[in-house]
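The values are calculated or read from the model by the stated rules, or taken from the named source; none is laboratory data. Not measured: the values here are computed from a predicted model. Here Cβ is always computed from backbone atoms with ideal geometry, including for glycine, and neighbour counts include all displayed protein chains. For the accessible areas, the whole protein counts, side chains as well, though only heavy atoms, and no ligand, DNA or RNA atoms are used. Shrake-Rupley method; radii C 1.70, N 1.55, O 1.52, S 1.80 Å.
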Amino acid sequence: MAAEVGGVLLYLEHRYYGQSFPIDDPKPENMQYLTTQQALSDGIALIRYWNNKYNTNSKVMVFGCSYSGMLASFFRTQYPHLAVAAVSGSAPLTAKANFPEYDATVKRVLNNYGCQSMVSSSFDQVHGSDRDSLRKSFNICEDDFTMDDLMFALAGFVMDAVQANNPDAGYPAQKLCNAFKGDQDAYKAFVKYIRKEGNLDNECLQTNMIPDLVKKGSDRSWYFQKCTEYGYFKTDSVNIFSNIPKDLEYFKNICYKAFGDGVFPDTSWTNYYFGGIDVESSNILYTNGLEDPWANLGMHQNASSSLPVYLYTGAHCAPFHKPTTMDPDNLLIARNAIRQFVYDHLNN
C-alpha cells in the first residue's frame, strides 16, 4: 500500500525490545526509560531523523495493531503536527489492572463453538488430579510447580486460540473445540490438545514465568510495562478456568517478584494522561474484532466523523493479516476502509 501512494514504510523497533535494548543488566532501575512517553518520543526522533537526512517534509501516517495500535492512536493525539493521521487496530486504549472481560470473551467464543463446558470441566479435572499424574500428563518442567501457575499456563493455550481466531490462522478456537468431537472423554481430549499445541512430547511445560521475567528479554520488558503502566491482568471471575485465582493478588506477587515490592500500575494515571477511549483527536481510524478479547478495552463506535470505528467478525488484528477466501464481509469492509483512509490522507 505504501508503494501505491508513493510512500516509504518505516518500521521502528520499540526500545527495550529486540536489538534496541540499551542496557545489559535489566534490573528495575535500569528500565526506568521503558515508558509509553519515551516510546512516543522515539517516533518523533525517527521522523526528524528521516526528514533531516533526506531533506523532506513529507506527510506521515502512523500504523499499528494491538499495543502498537495504541501507540499510533496516542501519537496522533499528542503530536498532530507530526502525523496527519493514524490507523489503530485492536488497540487496548484503556489501562485496566483487573481485566476479567478478557476471559468473558473467551467463554462467549467457546460457547458459540460448542465446547465451553468441556473446557471448563477439563480444568475441573486438572484441579482434582494428583501432582504425579499432572506432571506426567502435561510433561511439567518443575518438580515444585504450583497449581496456580499450572492453571494459568494451561489457560494460556485456550486464551491464545481465541485471541488468534482469524481466517488466515485457520480458526484455532474452532480447532480447539473440534478436538473434543468424537471423544467421550473430554479431559483426555484436552490433554491431547495441550500436548500437541505445546509440543510436549519433545519439550516440557514451564509453568513458572518468573525465570523468564527476571532476565533480559521481551517477556521482562512487556511485563514491566504491565506492572508499571497498563495492568491487563486476566482474572477469571467468569469461572471458565476452574480454581485459578480470581483477584489481583497472584499478579501483584508476580510484579513484586520480578520488579520489587510495591511495583504495581497506577492505571488511573495512565488513563488520565493518555485519555483511554475518550479520544480527543481527529483522523484516526480504529478497527476491532467482535471476537477479540482485547476489544473490551478499545473503541466500539464512532467518536466523530473523523474518528471512525470498523468492527468485524474475527479476533485480534485480522485486517492487518493476509486476506483469505474465508474472510467475512465486514472484515473486507474494514480492510477497504483502511486503504481508502490512507489514500484520502496521503494523497490530498
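The relative contact order of region 247-348 comes to 19 percent, based on Cα pairs under 8 Å that sit 6 or more residues apart.
In Å², and per residue, what accessible area does the chain have when probed at 1.4 Å with the other protein chains present? Walk me through the intermediate numbers first.
Numbers: 16730 Å² over 348 residues.
Normalised by residue count, the accessible surface of the chain is 48 Å².
Expected output is a single nm value to one decimal: the length gained when fully extending between ASN330 and GLN37, i.e. 0.36 nm times separation in residues minus the C-alpha distance. What is it?
Extra length available between ASN330 and GLN37 comes to 102.1 nm.
Diffusion coefficient of the chain by Stokes-Einstein, Kirkwood radius over Cα pairs, 37 °C, 0.692 mPa s: 151 µm²/s. For the chain, the dipole from Cβ point charges (+1 on Lys and Arg, -1 on Asp and Glu) about the Cα centre works out to 740 debye, to the nearest 20.
Which angle from 0 to 90°, rounded to the nearest 10, does the C-alpha axis of helix 147-163 make with the longest principal axis of the chain? Around 50 degrees separate the two axes. For region 17-64, the carbon plus sulfur part of the accessible surface works out to 47%, probe radius 1.4 Å.
Where Lys and Arg each count +1 and Asp and Glu each count -1, what net charge lies around ALA303 among other residues with Cβ under 10 Å from its Cβ?
-2
With all protein chains in place and ligands, DNA and RNA left out, the 1.4 Å accessible area ranks THR56, THR270 as THR56, THR270, largest first. For region 295-348, the relative contact order works out to 26 percent when only alpha carbon pairs closer than 8 Å and six or more residues apart are counted. Of the beta bridges in the chain, as assigned by DSSP with both residues counted there, near 5 percent are antiparallel.
Remark: accessible surface ordering of ARG220, ARG48 (largest first) is ARG48, ARG220, probe radius 1.4 Å. Counting pairwise Cα distances across region 249-347, what percent come out greater than 18 angstrom? Beyond 18 Å sits 60 percent of the P(r) for region 249-347.
In whole percent, what relative contact order does the chain give with Cα contacts below 8 Å and a gap of six or more residues?
24
Taking a straight line from the alpha carbon of LYS107, these lysines sit under 16 Å away, with near neighbours fewer than eight places off in the same chain left out: LYS175, LYS234, LYS246. Accessible surface for MET159 stands near 10 Å², nearest 10, in the context of the full protein assembly shown (1.4 Å probe).
For region 187-314, carbon and sulfur atoms together expose 46% of the accessible surface, with a 1.4 angstrom probe and every protein chain in place.
Largest accessible area first, the residues CYS141, CYS177 order themselves as CYS141, CYS177 under a 1.4 Å probe with ligands, DNA and RNA left out. Rounded to 0.05, the FRET efficiency of the SER58 and LYS216 pair, given R0 = 22 Å and the Cβ-Cβ distance, is 0.05. Descending by average beta-carbon neighbour count within 10 Å, the peptides 95-107, 3-15, 57-69 line up as 95-107, 57-69, 3-15, the highest first. Within the listed set SER88, SER73, SER305, the residue fluctuating most in the Gaussian network model of the chain (springs between alpha-carbon atoms under 10 angstrom) is SER305.
Within region 182-233, the ratio Rg/Rh, alpha carbon atoms throughout and Rh by Kirkwood, equals 1.18. Using the Stokes-Einstein relation with a Kirkwood hydrodynamic radius computed over Cα pairs, the translational diffusion coefficient of region 52-197 at 37 °C and a viscosity of 0.692 mPa s comes to 180 µm²/s. Only protein heavy atoms count here; under a 1.4 Å probe, ASP329 has an accessible surface of about 120 Å².
Summarising the amide proton neighbourhood of LYS96: residues at separation of 5 or more, or on other chains, whose placed amide H is nearer than 5 Å comprise TYR232.
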